[in-house]
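Structure record follows, encoded as structure tokens.
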Amino acid sequence: MCIRDRSTWGFVLKLRMENQLKKIGWIGTGVMGKSLCLHLLKAGYSLSVYNRTQSKADELIQQGATFQSPQEIAASCDVVFLMMGFPDDLKQTIYGNSGDNQGIINHLREGTFVVDHSTSSPALAEQIYNDLKSRGVSSIDAPVSGGDVGARNGTLAIMCGGEEKAFEAVRPILEKYGKNIGLMGAAGAGQNTKLTNQIVIASTLHGVVEGLIFAYKSGLNLE
């Protein structure tokens with residue numbers, strides 16, 4: 001079959017990748033992570049999960065997910081998602097402790113995709129990208145915006161950094177819980193976009209507070 005239309009080819013590629021990347025691993029099933037995993041289970045993906053507090057994954061296990069260690073997830077899944085609370089947690093999950101073999105980087109298969117939904121530093125995202133690429137693993141930094149409500153409703157904004165080919169490969173999965181999904185640039189661009197978003201929000205809040213204080217001191221009725 002010869003496909004000349006670019007949009008048609010994109011659709012065919014999407015179907016192929018969606019069919020190939022069916023076994024998903026998810027590390028970090030907190031408030032948002034659990035909701036996103038439920039969307040994936042509903043969509044029919046085979047899902048393995050890990051959380052330091054195993055009880056937080058109980059609902060997912062009841063819905064059909066399998067609980068595995070990070071190392072088992074890395075060794076067996078087509079795509080590994082990470083949703084850590086802090087950059088240090090992310091770094092330890094990827095690299096382990098000095099001298100041990102517990103970091104998932106030591107267990108990922110060549111051809112695997114890693115998608116990091118943690119809010120972390122752009123420099124760490126670039127480091128992870130380069131280290132995984134040297135092992136034949138594709139990495140996307142993909143922080144999210146929308147909070148737990150957006151996670152439950154499947155309407156998150158997802159800001160991605162990495163290679164276009166890897167982004168397009170995992171995009172059909174991201175679309176199960178994201179509404180506004182974009183590739184912002186190379187590795188680290190997702191994290192830089194999230195930082196920009198946070199700066200704008202903080203600046204807006206600061207302006208609102210300053211305005212209310214001014215109004216109060218001017219004797220205006222704030223009601």
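Numbers below:
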| quantity | calculated |
| --- | --- |
| Gain on full stretching of the segment that runs from Gln198 to Glu110 - 0.36 nm per residue minus C-alpha separation | 28.2 nm |
| Only Lys, Arg (+1) and Asp, Glu (-1) charged, at Cβ; the chain dipole about Cα centre in debye | 540 debye |
| Residues in the range 47-72 that a label on Lys23 would reach, taking backbone N under 17 Å of a point 7 Å out along Cα→Cβ | 47-50, 65-72 |
| Residues whose placed amide H lies under 5 Å from that of Phe81, excluding near-sequence neighbours | Gly25, Trp26, Ile27, Val115 |
| Hz values of 3J(HN,Hα) by residue in the range 47-64 - Karplus curve (6.51, -1.76, 1.60), Gly and Pro given as x | 10, 10, 10, 9, 8, 4, 9, 4, 4, 6, 9, 4, 4, 5, 5, 5, 8, x |
| Derived scalar couplings ³J(HN,Hα) [the range 24-34; Karplus, 6.51 cos²θ - 1.76 cosθ + 1.60; whole Hz; x for Gly, Pro] | 10, x, 9, 10, x, 10, x, 4, 7, x, 4 |
| Accessible area per residue, Å², the range 23-76 with all protein chains present, probe 1.4 Å | 45 Å² |
| Fraction of the pair-distance distribution of the range 92-202 above 21 Å, Cα-Cα pairs, percent | 36 percent |
| Surface per residue (accessible, 1.4 Å probe) for the range 80-127, Å² | 46 Å² |
| Radius 15 Å from Cβ of Gly136, net charge of other residues (Lys, Arg +1; Asp, Glu -1) | 0 |
| Estimated inter-spin distance, Gln92 and Val208, nm [label 7 Å along Cα→Cβ] | 3.5 nm |
| Share of carbon and sulfur in the accessible heavy-atom surface of the range 58-163 [1.4 Å probe, %] | 43 percent |
| Whole-Hz couplings from phi, Karplus 6.51/-1.76/1.60, listed for the range 96-109; x for Gly and Pro | x, 8, 4, x, 9, 10, 8, x, 5, 4, 7, 10, 5, 7 |
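The values are calculated or read from the model by the stated rules, or taken from the named source; none is laboratory data. These numbers were taken from a predicted model, which means no experiment stands behind them. Using ideal geometry, Cβ is built from the backbone for each residue, glycine included, and neighbour counts are taken over all protein chains shown. Accessible surface is based on the protein model in full, side chains and every heavy atom, while ligands, DNA and RNA are left aside. Shrake-Rupley method; radii C 1.70, N 1.55, O 1.52, S 1.80 Å.
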